[in-house]
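The values are calculated or read from the model by the stated rules, or taken from the named source; none is laboratory data. As the structure is a prediction and not an experimental result, all values here were calculated from the model. So basically every Cβ, Gly included, is an ideal-geometry build from the backbone, and we count neighbours across all protein chains shown.
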Amino acid sequence: MGMLIKSGHVVDPANGLDGIYDILIEGVVIKEVAPSIDSIGMEEVDAGGLHVFPGFFDAHCHLREPGYEYKEDIESGTKAAAAGGFTSVACMPNTNPVADNDSVIRLILDRASEKGCVKVYPIGSITKGSEGTRLAEMGFMKQAGAVAVSDDGKPVESADIMKKALEYASGFGLPVISHCEEMSLSEGGAMNDGFVSTSLGLKGIPAAAEEIQVARDVLLSECTGVPVHIAHISTGGSAGIIRAAKARGVRVTCETCPHYFSLTEDECEGFNPYAKVNPPLRNEKDRLAVIEALRDGTVDFIATDHAPHHEDEKNVEFQFAANGISGFETAFSAAYTNLVMTGAISLGRLVDLMSRLPARFLNRYTGGLRPGAPADLTIADLSAAITVDSSKFLSKGRNTPFNGKQLHGRILMTIVNGGTAYRRDK
């Protein structure tokens with residue numbers, strides 16, 4: 001039994017598709033893409049008036065399992081991912097225990113096989129316990145299924161350890177994802193350092209806290225000749241450092257997240273704990289600089305940094321609230337609204353930023369929407385205006401500053417390996 005998607009507006013820049021096509025799925029792969037395909041008694045999906053994309057790939061999220069299942073688990077997290085149009089996700093290692101060895105990597109993959117409804121790729125820790133002092137067993141983690149290494153949530157404070165990590169990881173073909181934060185500048189800070197933090201009486205986190213570490217890791221990449229990836233950039237200064245480094249041939253890549261090009265520090269007014277995230281929401285100048293970096297190719301892809309928390313960890317005084325935004329279920333709508341509808345980038349560029357490019361970074365083959373490729377697809381209604389209601393999230397984490405905001409573009413169906421992972425009307 002296969003599936004036939006009829007008359008959808010297919011957008012797949014990798015394969016030069018931008019028009020009305022039928023897509024035939026047989027088993028777990030795409031069998032045919034053509035202007036018209038006759039039905040032969042299989043399930044039909046009427047995509048008339050809708051858009052069909054290659055399945056989105058999130059290269060940076062937190063599924064919380066093992067150890068923090070009260071925040072999220074692999075079952076709830078992958079359901080939320082599917083509802084956001086994601087067919088694949090790569091999860092960070094700040095679990096309990098930390099994913100710093102092959103046993104935890106295998107546990108995550110086993111749980112994903114049992115309970116997950118999208119593809120899950122674990123990211124291992126750079127250092128043991130993410131404590132920044134001793135390198136983790138990267139080779140064993142790679143053999144177990146890890147696709148990258150990161151101490152995300154914590155910076156690798158020692159430049160010597162970071163240099164060794166780059167050299168060691170390169171021997172196993174593992175990308176290194178750096179959380180850039182100079183702790184002596186950020187420690188004790190609650191939000192971006194600026195007018196709003198001053199008016200609220202909160203200690204601010206300066207842009208330099210991010211940019212100093214970005215510059216350091218760019219220089220380490222340059223001196224070793226080993227690639228480094230910078231997670232969740234939030235400032236124009238970071239974008240400028242990376243842009244200049246790329247121009248002189250440094251092998252640096254980076255990502256940003258929807259909240260950094262959609263929102264600013266103004267969301268923290270009224271001590272709104274749902275706007276507390278690390279790195280913090282910045283000012284309007286930084287937001288526009290991040291958009292420009294997406295437009296000119298400085299930013300390599302969009303990631304969610306999906307970071308669900310229990311309500312008790314968010315609904316407290318601002319300075320005590322946990323950092324993080326539950327991002328799966330608003331990522332595409334926020335990006336479409338703030339990037340495509342504003343004319344900053346094309347729809348095709350957005351699709352690339354959310355599908356092929358993050359998958360390529362983690363050395364995952366997707367193939368897009370061509371015959372023989374995995375049948376991972378996302379169907380969306382771009383004409384739909386939606387008001388975000390976090391109480392209806394499939395994620396356990398309802399912590400989002402987008403709650404109540406109007407966005408455009410609704411995910412209607414997500415197909416993973418030829419099977420329906422999410423369908424809004426069901």
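Hey, does the range 338-351 have a residue that's surrounded by 24 or more Cβ atoms within 10 Å (Cβ to Cβ) and closer than 19 Å to residue 9 by Cα?
Just the residues of the range 338-351 that are surrounded by 24 or more Cβ atoms within 10 Å (Cβ to Cβ), to begin with: 351.
Next cut, closer than 19 Å to residue 9 by Cα only: 351.
Taking every residue of the range 338-351 in turn, at least one turns out to be surrounded by 24 or more Cβ atoms within 10 Å (Cβ to Cβ) and closer than 19 Å to residue 9 by Cα.
How many residues does the range 398-426 contain that are more than 20 Å from residue 374 (Cα to Cα) and not acidic (Asp, Glu)?
Final tally of qualifying residues: 15.
Among the residues of the range 124-136, how many are crowded, with 16+ Cβ neighbours inside 10 Å and either outside the structural domain of residue 218 (by TED's automatic domain parsing) or in contact with a helix residue (DSSP H, G or I) (Cβ under 9 Å, 6 or more places away or on another chain) (or both)?
Here the count works out to 7.
Can you name every residue in the range 323-349 that is more than 17 Å from residue 408 (Cα to Cα), touching a residue at least 60 places away in the same chain (Cβ under 8 Å) and in a loop (DSSP other than H, G, I, E, B)?
Scanning the range 323-349 gives 324, 326.
Take the residues in the range 291-334 that are of a type in the set (Val, Ile, Thr) and surrounded by fewer than 24 Cβ atoms within 10 Å (Cβ to Cβ); name whichever of them is nearest to the chain's Cα centre (by Cα).
First, the residues of the range 291-334 that are of a type in the set (Val, Ile, Thr): 291, 298-299, 302, 304, 316, 325, 330.
This time we only want the ones that are surrounded by fewer than 24 Cβ atoms within 10 Å (Cβ to Cβ), so: 291, 316.
Working: 291: 16, 316: 26 Å.
Checking each candidate, the answer is 291.
Return the pair list, or none, for Cβ contacts closer than 7 Å from residues in the range 276-294 that are under 16 Å from residue 240 (Cβ atoms) and touching a residue at least 40 places away in the same chain (Cβ under 8 Å) to residues that are surrounded by fewer than 24 Cβ atoms within 10 Å (Cβ to Cβ) and among the hydroxyl-bearing types (Ser, Thr, Tyr), at least 6 apart or on different chains.
These pairs meet every condition: 282/264; 283/264.
Condition first: surrounded by fewer than 19 Cβ atoms within 10 Å (Cβ to Cβ), assigned to a helix (DSSP H, G or I), in contact with a Lys or Arg (Cβ under 9 Å, 6 or more places away or on another chain) and without any contact (Cβ under 8 Å) to a residue 60 or more places away in the chain. Now tell me which residues in the range 200-250 satisfy that.
Once the filter is applied, which keeps residues that are surrounded by fewer than 19 Cβ atoms within 10 Å (Cβ to Cβ), assigned to a helix (DSSP H, G or I), in contact with a Lys or Arg (Cβ under 9 Å, 6 or more places away or on another chain) and without any contact (Cβ under 8 Å) to a residue 60 or more places away in the chain, the range 200-250 yields only 222.
List every residue pair whose Cβ atoms sit under 8 Å apart, with the two residues 6 or more apart in sequence or on different chains, where the first one lies in the range 40-51 and is assigned to a strand (DSSP E or B) and the second, anywhere, is among the small types (Gly, Ala, Ser) and surrounded by 12 or more Cβ atoms within 10 Å (Cβ to Cβ).
Hits for this filter: 43/2; 46/7; 51/8; 51/380.
Which one is farthest from residue 332 (Cα to Cα) among residues in the range 252-284 that are within 18 Å of the chain's Cα centre (by Cα) and among the small types (Gly, Ala, Ser)?
Looking at the filtered set, the residue picked out is 275.
Among the residues of the range 377-426, count how many are among the β-branched types (Val, Ile, Thr) and either out of contact with any strand residue (DSSP E or B) (no Cβ under 8 Å at 6 or more places or on another chain) or over 30 Å from residue 26 (Cα atoms) (or both).
4
When you go through (1) modelled with pLDDT under 95; (2) buried (at least 19 other Cβ atoms within 10 Å of the Cβ) one by one for residue 365, which number turns out not to apply?
(2)
Being under 24 Å from residue 219 (Cα atoms), in contact with a helix residue (DSSP H, G or I) (Cβ under 9 Å, 6 or more places away or on another chain) and either of a type in the set (A, V, I, L, M) or not in a helix (DSSP H, G or I) (or both), is that true of even one residue in the range 304-321?
The answer is no, given that none of the residues of the range 304-321 is under 24 Å from residue 219 (Cα atoms), in contact with a helix residue (DSSP H, G or I) (Cβ under 9 Å, 6 or more places away or on another chain) and either of a type in the set (A, V, I, L, M) or not in a helix (DSSP H, G or I) (or both).
Can you pull out the residues in the range 61-94 that are touching a residue at least 40 places away in the same chain (Cβ under 8 Å), in a strand (DSSP E or B) and touching a His at 6+ places or on another chain (Cβ under 7 Å)?
Matches in the range 61-94: 61, 90.
Would you confirm, using the coordinates I've provided, whether residue 75 is surrounded by fewer than 24 Cβ atoms within 10 Å (Cβ to Cβ), assigned by TED's automatic domain parsing to the domain that holds residue 348, closer than 21 Å to residue 424 by Cα and out of contact with any Ser or Thr (no Cβ under 7 Å at 6 or more places or on another chain)?
Yes, satisfied.
Here is a list of conditions, (1) surrounded by 22 or more Cβ atoms within 10 Å (Cβ to Cβ); (2) aliphatic (A, V, I, L, M); (3) over 27 Å from residue 299 (Cα atoms), and residue 359 meets all of them except one; can you say which number that is?
For residue 359, the exception is condition (3).
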